[in-house]
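Take a look at the structure below.
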Amino acid sequence: MANVTCIIAAYNEEGRIHNVLQAALACKDIAEIIVVDDGSTDGTGSAVKQYPNIQLIALPENKGKSFAVATGLERASGDIIVMLDADLLGVTSESIHRLLAPVISGQFDVTMSLRGHSILFYRLLGLDFITGERVFYKRLFAEYMDAMKALPSYGLEVFMNRVVISKRASLNIVSWSRVTSPRKIAKLGFFAGLKGDMETMRHVLSVIPLREVVSQNLRLFMLTRRSPVRGRVLHGS
């Protein structure tokens, strides 16, 4: 059986993280769960401590998602990583299994989720290039830990896309039509949420130029059309 580590980066998710933790614990594919509490000012850390089988890394200050995920990756003992957001709604052990299965089976190098509330363009294209739910081989990103830690908070996913594209990894998109997450406006209020959305886009564009936003989507789309057998480039030692 594959050795799988689940990494969850969390910031002020005390009221939302329980469902994600329970789903991950119920998923029999997962051998290890690591939550990186990214300097939360609420009770997120205390919420995680209620689960003795989950490792908690408590950062003393908010360093951003990119740093938090890279910190979890450094600690992970699994060969395969499943990355989950801490605020998912409707996620279950079965939906996590479906995300993991194409990689565990050896058919694909990477999977990415397509959630039910993704914007219409992504649903029409069939992929969401900034989704936070991904499965991949740890060694795919092993040489990039320092670079990932230096990224802006919301620049992680597009950086990961670059690596996937450069290594021509085979990619499978898994439909998560029943899984969503609250919009920033719902979590933070209208003005703070709008500011958060703008900050996300600013971080993305600080890592990749606007033209690469388009090219990443197209190149990821092409990777999904490759033969999974020909695309399996990461399975060797």
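The values are calculated or read from the model by the stated rules, or taken from the named source; none is laboratory data. None of these values were measured; they are calculated from a predicted model. Glycine gets a Cβ as well: all are built from the backbone with ideal geometry, and neighbour counts include every protein chain shown.
Considering every residue within the stretch 76-93, establish whether at least one is over 22 Å from residue 14 (Cα atoms) and outside any loop (DSSP other than H, G, I, E, B). Yes, the conditions are met somewhere in the stretch 76-93.
Restricting attention to the stretch 1-43, the residues that are in a loop (DSSP other than H, G, I, E, B), in contact with a Leu (Cβ under 7 Å, 6 or more places away or on another chain) and within 18 Å of residue 100 (Cα to Cα) total 1. Remark: residue 181 matches the filter, which requires a residue to be modelled with pLDDT under 95, buried (at least 17 other Cβ atoms within 10 Å of the Cβ) and either touching a helix residue (DSSP H, G or I) at 6+ places or on another chain (Cβ under 8 Å) or of a type in the set (Ser, Thr, Tyr) (or both).
Checked against (1) over 22 Å from residue 180 (Cα atoms); (2) in contact with a Phe, Trp or Tyr (Cβ under 6 Å, 6 or more places away or on another chain), residue 53 passes all but a single condition, namely (2).
Being out of contact with any helix residue (DSSP H, G or I) (no Cβ under 8 Å at 6 or more places or on another chain) and either in contact (Cβ under 8 Å) with a residue 12 or more places away in the chain or under 21 Å from residue 167 (Cα atoms) (or both) holds for only one residue in 89, 84, 100, 120, and it is 100.
Residue-by-condition table, conditions (1) closer than 14 Å to residue 178 by Cα; (2) in contact with a strand residue (DSSP E or B) (Cβ under 9 Å, 6 or more places away or on another chain):
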position: 82; (1), (2): no, yes
position: 85; (1), (2): no, yes
position: 91; (1), (2): yes, yes
position: 102; (1), (2): no, yes
position: 110; (1), (2): no, yes
position: 119; (1), (2): no, no
position: 126; (1), (2): no, yes
position: 129; (1), (2): no, yes
position: 136; (1), (2): no, yes
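Kindly indicate whether residue 209 is closer than 21 Å to residue 116 by Cα and either in contact with a Lys or Arg (Cβ under 8 Å, 6 or more places away or on another chain) or modelled with pLDDT of 70 or more (or both). So residue 209 does not fit the description; no.
Take the residues of the stretch 107-131 that are at pLDDT below 95 and small (Gly, Ala, Ser): which is nearest to residue 63 (Cα to Cα)? Applying the filter and picking the extreme gives 118. Here the stretch 152-173 is the region considered, the condition is being surrounded by fewer than 19 Cβ atoms within 10 Å (Cβ to Cβ) and of a type in the set (Val, Ile, Thr), and the residue that is nearest to residue 42 (Cα to Cα) is 163. Criterion applied to 22, 55 was being farther than 23 Å from residue 114 by Cα, touching a helix residue (DSSP H, G or I) at 6+ places or on another chain (Cβ under 9 Å) and either modelled with pLDDT of 95 or more or not aromatic (Phe, Trp, Tyr) (or both), and the one residue passing it is 55. Among residues of the stretch 133-157 that are within 22 Å of residue 11 (Cβ to Cβ), those with a beta-carbon under 7 Å from a residue that is in a loop (DSSP other than H, G, I, E, B) and among the aliphatic types (A, V, I, L, M) at least six positions away or on a different chain give the pairs 157/130.
Of the residues making up the stretch 120-144, those that are closer than 18 Å to residue 108 by Cβ, of a type in the set (D, E, K, R) and part of a helix (DSSP H, G or I) are 138, 139. Taken over the stretch 199-212, the criterion of being assigned to a helix (DSSP H, G or I) and either of a type in the set (Ser, Thr, Tyr) or buried (at least 16 other Cβ atoms within 10 Å of the Cβ) (or both) is satisfied by 200, 203, 204, 206, 207, 212. Give the residues of the stretch 94-119 that are assigned to a strand (DSSP E or B) and farther than 20 Å from residue 222 by Cβ, sorted by residue number. The answer is 115, and nothing else.
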